[in-house]
Amino acid sequence: MERRSFLTAGLAAAAGSLVSLSSCARLAGTRRGPRLPSERALGPLSPVRDDTTGLPLLWLPPGFRYLTLGWTGDPQTDGTPTPSSHDGMAAFAVGAGRTRLIRNHEVRLAVAPSAAREGTVYDPAAGGGTTVLDFDTATGALLSSRIGLTGTSVNCAGGRTPWGSWLTCEETMDQAGPTRATRPHGYIFEVPIDGVPTGEPLAAMGRFVHEATAVDPATGIVYETEDQLSSGLYRFTPKERGLLAAGGTLEMLAITRWPGYDTRRTQVAGRPLPVDWVPIERPDDPANPDPAAVFRQGLAGGGAIFGRLEGAWYAEGRIFIVSTNGGDAKLGQVFAYDPQEQELTLIFESPAPQVARNLDNICVSPRGALIVCEDGGPQPQRVQVLTRDGHIFPLAQNNIVLDGQKHAFKGDFRTREFAGATFSPDGRWLFVNAQSPGMTFAITGDWASAGL
């Protein structure tokens, strides 16, 4: 099979496209034809009761179960209530059978809970930041939780690093003064697995509407996504691997010989596009309120345009990135960037909401499948799987309807987004957040038999 060949998968008459992930050097051959999610060996989804509350909060395949932890308002070990608006997250091994979760909270500037004042504070006027949770993968018990970084704003996604930290990203450009912020926002902050974060922004990595990061462990280069209708894909090359605070250079992806190439429409799945990188001369201007200031620099140099870049993840020698409203149907795209070949390839594009809608956070399972969260649409949100053999199907569906059973939360939250999907290092649990009313799901089952 040729490395650049691709396969397609569909639903009914239309289908998305997915390149095989089975090797970082070779891709699978061409295959076409519809394959409905219900035909998967996992079986159909149905309501399953939460081991923690007894409530049917998720639909899952047969044989899978889950528990919930870290709800908004739950008391933490440090005596503070759990903040709201759960978003991006990563899992780290911190001992035998013990997983540490570092979780973002997309709290906006106008909401600054008193709990946020207990951690490392960047801006006292802001209530976003991270929490740190320790989980026992053998017993399914939450061992502890506490505030980590705080005083940041709209901490959406981020990414783990190979040197043992979490990069949390601000999805905002709040200015000091006009919005009641005391310091400018729009930065990336580093949160170590152990110890206390400095609470200082990594200014050389750029000030813009950040979403997620992914680190190439071979080089230490950090890839950054931007959540704007017209956005760029960036890479930060540090002066010294693993020491991001020491500075480095920021660049924006461009398609060779195609200045201003627009990836949002009429793309061909499986066709590699050669890539160049455009330098960003002014990555940080604290006084400039323009959220597109960095993007405009890259575009002026010929940078490529993406539609609302969201999740990012490194696996198998590639950086996988998600455009939440890219594609001809404006329902989402997944790209893979190969740093060695310097090529960008569209590997999936949703043609219809029944297939996938508004893809967002992403992770890769222990066996190489892509796990993608949905964020958008009037139907219940799903956690989707893009498999190695080119199929897409739902793994979980939001079924959160509350009438005061927990912290007096009331309402139908089924159309609210999933975020922060990540597997425990031992592969036994998939953690994923429901942003509203705010909780973390820990899902377990026979992942090996499911091919996940």
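The values are calculated or read from the model by the stated rules, or taken from the named source; none is laboratory data. Quick caveat: nothing in here was measured; it's all calculated off a predicted structure. All Cβ positions, even for glycine, are placed from backbone atoms using ideal geometry, and neighbour counts span all protein chains on display. We work out accessible area using only protein heavy atoms, side chains counted, and drop any ligands, DNA or RNA first. Shrake-Rupley method; radii C 1.70, N 1.55, O 1.52, S 1.80 Å.
Calculate the dipole size of segment 319-450 relative to its Cα centre from +1 charges on Lys and Arg beta carbons and -1 charges on Asp and Glu beta carbons; express the result in debye to the nearest 20.
Dipole magnitude for segment 319-450 comes out near 520 debye.
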Sort the following peptides by mean Cβ neighbour count (other Cβ atoms within 10 Å, averaged over residues), highest first: 260-270, 394-404. 394-404, 260-270
Given backbone amide H placed at 1.01 Å from N, residues whose amide H is under 5 Å from that of Ser436, ignoring those fewer than 5 places away on the same chain, are Glu417
Restricting the count to DSSP beta bridges whose residues both fall in the chain, what percent are antiparallel, rounded to a multiple of 5? 95
Relative contact order of the chain, defined on C-alpha pairs under 8 angstrom at six or more residues apart (%): 16
Please give the FRET efficiency for Val268 paired with Ala408, using the beta carbon to beta carbon distance and R0 = 51 Å, rounded to the nearest 0.05. 0.50
Over the chain, with the other protein chains present, what is the accessible area per residue in square angstrom, probe 1.4 angstrom? 36
Which one of Tyr337, Gly298, Met252 is farthest out on the positive end of the charge dipole of segment 211-338, using unit charges on Cβ (Lys, Arg +1; Asp, Glu -1) and the Cα centre as origin? Tyr337
Rounded to the nearest 20 debye, dipole of the chain from Cβ charges on Lys, Arg, Asp, Glu: 980
Contact order normalised by residue count of segment 297-401, Cα under 8 Å, 6+ apart, percent: 17
Taking 30 Å as R0, compute the FRET efficiency from the Cβ-Cβ separation of Gln340 and Ser46 and round it to 0.05. 0.10
Show which lysines lie in cross-link reach of Lys239 when reach means a straight Cα distance below 18 angstrom and same-chain residues fewer than eight apart are skipped. none
Global size of segment 64-223 as Cα Rg and Dmax, reported in angstrom: 15.2, 49
Computed over the chain, the Cα gyration tensor eigenvalues, each multiplied by 5 and square-rooted, give semi-axes in Å (largest first) of 30, 29, 19
With all protein chains present, how much of the accessible area of the chain (probe radius 1.4 Å) comes from carbon and sulfur, to the nearest whole percent? 52
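If you take the C-alpha gyration tensor of segment 212-270, multiply each eigenvalue by 5 and take the square root, what semi-axes do you get, largest first, in whole Å?
26, 12, 11
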